There are 2 protein chains.
Amino acid sequence: MRRVKLKTKDPHIQSLAKLVEGPNPILYQKEDLLAYDCDGFTIHKHLPKAVVFPKNSEEVAKVVQYCSEHDLPFLARGAGTGLSGGAIPVNGEVIISLVRMKRLLRVDLENRQAVVEPGYVNLKLTHSISDKGYYYAPDPSSQYCCTIGGNVAENAGGAHCLKYGVTTNHILGMEVVLPNGEIVDIGQEGVPDAPGYDLLGLLTGSEGTLGIVTKITVRILKNPQEKQTVLAYFDRVVDGSQAVSDIISAGIVPAALEMMDKIAIEGVEAAAFPVGHPKDIEAVLLIEVDGIAAGIDEQIEQILDVCRTRHVREVKVAQSEEERQKWWANRKTGFGAMGAISPDYLVQDGVIPRSKLPTVLEQIGQISETYQLRIANIFHAGDGNLHPLVLFDSRVPGETERALEAGSECLKVCADVGGSITGEHGVGIEKREEMRFVFTEEEIEAQTEIREVFNPSNLLNAGKLFPSPSRCAEVKQELKSV
Amino acid sequence: MRRVKLKTKDPHIQSLAKLVEGPNPILYQKEDLLAYDCDGFTIHKHLPKAVVFPKNSEEVAKVVQYCSEHDLPFLARGAGTGLSGGAIPVNGEVIISLVRMKRLLRVDLENRQAVVEPGYVNLKLTHSISDKGYYYAPDPSSQYCCTIGGNVAENAGGAHCLKYGVTTNHILGMEVVLPNGEIVDIGQEGVPDAPGYDLLGLLTGSEGTLGIVTKITVRILKNPQEKQTVLAYFDRVVDGSQAVSDIISAGIVPAALEMMDKIAIEGVEAAAFPVGHPKDIEAVLLIEVDGIAAGIDEQIEQILDVCRTRHVREVKVAQSEEERQKWWANRKTGFGAMGAISPDYLVQDGVIPRSKLPTVLEQIGQISETYQLRIANIFHAGDGNLHPLVLFDSRVPGETERALEAGSECLKVCADVGGSITGEHGVGIEKREEMRFVFTEEEIEAQTEIREVFNPSNLLNAGKLFPSPSRCAEVKQELKSV
């Protein structure tokens, strides 16, 4: 067996290091581990036991087998951009980092497919096929650095999922290492309704609790012939919301239909990509239409008409690709931009029926009043996916807790109007208890039973996605084990 | 307890009858049961023990509870149009017929949703909202009589799923009676990426083996402003196939892109809806484009150009809605039309990568030679979903068996080029063994373990979807129970 020189006598770390070929197979010293104590959800931090860097499926399987046999908790991590804490090692896990599995394995333009490793960065796929006229549709705002493996775990969305669907709609097949170390192929490339149960759908969005994805076949799309993009400024939120509904009602399916409110505008204008939004307006809509060139102008005309009917103050169409890119950079860096107007912020991720937009925004305003914290709203208005950003200062005692409570209240409001507690960021550790807003104990139990099928010892990413068991469920479990 | 007058002393039938209110709660006499001995897959027939007709979820739950407690196998049935035998009572099941649960419960145009009972007929939904400008997209050819509950069980597709996706892409939520009689809500209306595992996706297409769906929330769509439809006749299959690829490569996403071959044309022209296809051509394409009116003409022009480049003999655009409807009736009744040229036929349902179309059609031709049976091809060419129709005469000894073998060979060809054994008809009892063409023993086992979570006693629709266990799996099971 290969020898690796390590500054530790921990036998597990010694053994794990030997399972992975090449230089620097493992990190285990505290100063190195600190970089892995949280992901994009920075409120809870836990140190992992170690971080290993396998370079292929077989190495992942060996590490998983080792952890399983030695009862070591473990989890997979991509770029660590997740926003709900799915990659935080709350049980001192061995982190299996997939960043060295970052190859584009195959592109099949004729059948519109590509095969990537999980550590391949989302936007790189589009870059590597754009000269041939193709792209990969799911576009989370973090796409310049997040990995497709992570996108699969969280079933990531993005600004354009209104028209093109979320990650699950673009995954055609995958190779998965199960928690027992078996390597299996799931789904069938290019088959819209594969035989048997839809395991592909089940794994997608399972937040790393059922297996570790080691290869992914994705659908790629032909670039639309044309795109046109509109900015519309409204003096009243209610007019902006109504315009959103009216555009959809007109039968137009925009590629994207985004909204930002007044506080959000203050943030993005103070940050790296200002575009000169007026600061006294209550809502800006960013609307994009794409497709076959013929017909796009007419759709834009219809959109402008709707905006005028809804008392838009000003509306403009991007005059160049450069201008369009600038508008999108302003929007896509919106979360981070909150750093320009607040020391800390908490992103929430609720979903509501589109028709409830005005009511819910009003209720979020009330929550802001109650908790005495500013809340900005940047969101995918077209599909009712809200992102309230609770601004706070973690240096002020008690303010972090208040922000968390305010965020949770926002989700309660979404759940109460028939919506949901996450649209694209996942549950992770952040929203475990909020699962009770939308699921009964029985429904949660049915889900944990499915986890048991794949992950019977619960060594893989334990403590995520589900609330702590209710006393009732605990009693049931005790009775079972008698 | 209510008394029901029955001509049987079977205590189970007596008891079941009492669980359902109203007249005629149950059928149990042989002459009545004969109508339920098969579904659209008519090759295997089995009599059920009885057929009960609940009128609401609570009655379904009571019947399920009764069956569970008394160890009676049971299954759900809609209109019985399934093509793979999913509703055939191979174990003498109690059939829970859902045809009396046929109400449209709610339409919410603003949020584009409707709630239906499982026995509601697919096409009725479109009819009931079309005057307001909306429709329900999944359109299996049997849509005039098949039920939405059955569509969910089979994850039904249809001619327009190339652009609009299959049933699973249109289901937003459901109420399900689990095999233990519990009633649970699954999924969340209008949430593209609901928290927790994707149970909605898991249940959709599970072929009635995990639970009985008693309420379904579906997405409804705005009618496209315009539709245009093209018929294109090709002297050579290879030109037709290449035109299919070229249209997609041009960046057009047709609403439908259907193909029929020479034998299929012979059938449809001899049946109820002839449209005058030339009988000496090798392939006809039926191509439909829909969407915003502006731009449609240009897309049609592009399609005509592609067809001309690929040596089309003749190409025409429908001149009226009446003509368009006629062309579709010709296509949609295509399976049944085979009855005009053959005493019996077996529909197969394979999927292949679009680029393999010419090769696979050639191989199917060879299978036809080998088995000395004519095979017609009617299919969704745009998404590579083939329907070889094996023509045979069940009165000729051995011909049924030969047809089944030829059908299975066609699926093997699809599987071998990286495709699949079903695109929209399901596995049922018909393709259980063919599951081994695409799944390993381990993969099949993982799926049966999921079935056990929902359906631990396997009383619900047993013997469907999975092959009989291999000897190896049987030994494992025996070892487990020791």
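The table below gives the values:
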| item | result |
| --- | --- |
| Interchain or long-range residues, amide H under 5 Å from B:Glu226's placed H | B:Gly291, B:Ala293 |
| Total charge dipole magnitude, the protein assembly as shown, about the Cα centre, Cβ charges on Lys, Arg, Asp, Glu only, Debye to nearest 20 | 900 debye |
| Within the stretch B:119-140, backbone nitrogen closer than 17 Å to the virtual label 7 Å beyond the Cα of A:Thr309 toward Cβ | B:132-134 |
| P(r) histogram, all alpha-carbon pairs of chain A included - 20 Å bins from 0, percent | 23, 55, 21, 1 |
| Label-to-label distance, nm, for residues given as A:His44 and A:Asp32 (7 Å Cα→Cβ offset) | 2.6 nm |
| Inter-copy separations for A:Gln325, label at 7 Å along Cα-Cβ, nm, ascending | 5.2 |
| Label point 7 Å beyond Cα along the C-beta direction, distances from A:Val107 to other copies (nm, shortest first) | 4.7 |
| Dipole in debye (nearest 20) - the stretch B:104-222, about Cα centre, beta carbon charges: Lys, Arg +1; Asp, Glu -1 | 420 debye |
| Hits among lysines - C-alpha to C-alpha of B:Lys7 under 19 Å, sequence gap 8 or more where chains match | B:Lys18, B:Lys30, B:Lys49 |
| Residue exposure sequence - B:Glu430, B:Glu269, B:Glu21 - by fewest surrounding Cβ within 10 Å | B:Glu21, B:Glu269, B:Glu430 |
| For the stretch B:1-158, fraction of C-alpha pairs farther apart than 21 Å, in % | 49 percent |
| Separation in nanometres of the label points that stand 7 Å from Cα toward Cβ, at B:Ala340 and A:Asp71 | 7.2 nm |
| Lys, Arg +1 and Asp, Glu -1 on Cβ, resulting dipole of chain A about Cα centre, debye, nearest 20 | 1540 debye |
| Inter-chain Cβ neighbour average for residues B:167-179, partner chain, 10 Å | 1 |
| Sorted largest first, extent of the protein assembly as shown alpha carbons per principal axis (Å) | 85, 70, 67 |
| Förster radius 51 Å - calculated FRET efficiency between A:Asp280 and B:Glu298, Cβ distance, rounded to 0.05 | 0.75 |
| Mean shadow area of the stretch B:347-482 over all directions, Cα convex hull, nm² | 9.9 nm² |
| Anchor B:Lys316: lysines whose Cα lies under 29 Å away (excluding residues fewer than 8 positions away in-chain) | A:Lys222, B:Lys163, B:Lys222, B:Lys227, B:Lys262, B:Lys279, B:Lys326, B:Lys332, B:Lys356 |
| Amide H within-cut-off set for A:Thr209, under 5 Å, with H built and near neighbours excluded | none |
| Relative contact order [Cα under 8 Å, 6+ residues apart], chain A, whole percent | 14 percent |
| Cα centroid of the stretch A:58-75 to Cα centroid of the stretch B:328-350, whole Å | 53 Å |
| Shielding score for A:287-296, defined as the mean number of other chain Cβ atoms within 10 Å | 5 |
| Options B:Val347, B:Asn458, B:Gly119, ranked by Cα towards positive dipole end of chain B, top entry (Cβ charges) | B:Gly119 |
| Using alpha carbons only: equivalent-ellipsoid semi-axes of the stretch B:104-222, gyration tensor based, whole Å | 21, 15, 14 |
| Computed [θ] at 222 nm, deg cm²/dmol, chain A (DSSP H ≥ 4; -39,500 (n - 2.57); rounded to nearest 500) | -10000 deg cm²/dmol |
| Calculated FRET value between A:Glu362 and B:Val107, using beta carbons and R₀ = 30 Å, to 0.05 | 0.65 |
| Teacher prompt: B:Glu21 distances to equivalent labels in other copies, 7 Å Cα→Cβ, nm | 7.0 |
| Alpha-carbon centroids, the stretch A:4-21 and the stretch A:381-444: separation in whole Å | 40 Å |
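Rule-based calculations on the coordinates, nothing more; no lab input. Worth saying up front: this structure is predicted, and the values here are computed from it rather than measured. All Cβ positions, glycine included, derive from the backbone under ideal geometry; neighbour counts span all protein chains shown.
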